[in-house]
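Structure first, then comments.
The values are calculated or read from the model by the stated rules, or taken from the named source; none is laboratory data. What you see is a predicted model, and the numbers here were worked out from it, not measured in a lab. Methodologically, a virtual Cβ is constructed for each residue, glycine included, from the backbone with ideal geometry; neighbour enumeration extends over all protein chains shown.
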Amino acid sequence: MVPDCQCCHKTKERSEAEYNSLINRLSRIEGQVRGIKGMVERSAYCADILMQVAAVNAALNAFTRELLTNHIKTCVATDIREGRDDTIDELTNLLQKLMR
């Protein structure tokens with residue numbers, strides 16, 4: 001369903017529902033960003049563009065929350081059950097980067 005990631009060392013099998021949910025969110029975000037580009041091209045009012053940027057940020061945050069929740073419930077939980085405690089360090093480092 002999902003090709004191997006060429007940028008990292010791990011991959012994850014996602015359920016069809018999870019995959020579709022994430023892809024649908026990203027497609028909506030992509031459309032919102034294209035809309036913002038069009039607004040700039042049409043010289044829209046700055047405040048109107050900024051409101052759309054805020055909407056994209058909110059959508060990206062929702063995507064991040066969904067992906068992080070799925071990651072903790074699947075990858076992290078599985079690794080901890082299997083005794084791979086280094087996953088806790090990986091998660092805390094990830095959270096620190098997300099909270100910048």
Hey, could you check the range 38-55 for residues that are within 25 Å of Leu67 (Cα to Cα) and not small (Gly, Ala, Ser) and say which is surrounded by the fewest Cβ atoms within 10 Å (Cβ to Cβ)?
Met51
Would you check if there is a residue in the range 26-48 being in contact (Cβ under 8 Å) with a residue 12 or more places away in the chain, of a type in the set (D, E, K, R), under 19 Å from Thr11 (Cα atoms) and assigned to a helix (DSSP H, G or I)?
no
Check whether at least one residue in the range 2-24 is touching a residue at least 40 places away in the same chain (Cβ under 8 Å), aromatic (Phe, Trp, Tyr) and surrounded by 10 or more Cβ atoms within 10 Å (Cβ to Cβ), and report yes or no.
no
Just to be sure I understand, how many residues within the range 25-55 are aliphatic (A, V, I, L, M) and touching a Gly at 6+ places or on another chain (Cβ under 9 Å)?
1
Checked the range 73-100 for anything part of a helix (DSSP H, G or I) and surrounded by fewer than 12 Cβ atoms within 10 Å (Cβ to Cβ); matches are Lys73, Thr78, Arg81, Asp86, Asp89, Thr92, Asn93, Leu95, Gln96, Lys97, Leu98
Positions within the range 56-66 being touching a residue at least 12 places away in the same chain (Cβ under 8 Å) and either among the acidic types (Asp, Glu) or surrounded by fewer than 14 Cβ atoms within 10 Å (Cβ to Cβ) (or both), in sequence order
Ala62, Thr64, Glu66
Kindly indicate the residue of the range 53-70 that is out of contact with any Lys or Arg (no Cβ under 8 Å at 6 or more places or on another chain) and aliphatic (A, V, I, L, M) and also nearest to Tyr19 (Cα to Cα) among those meeting that condition.
Leu67
Conditions: (1) surrounded by 11 or more Cβ atoms within 10 Å (Cβ to Cβ); (2) at pLDDT 95 or above; (3) under 17 Å from the mean Cα position of the chain (by Cα). Gly35 meets all but one. Number of the miss?
(3)
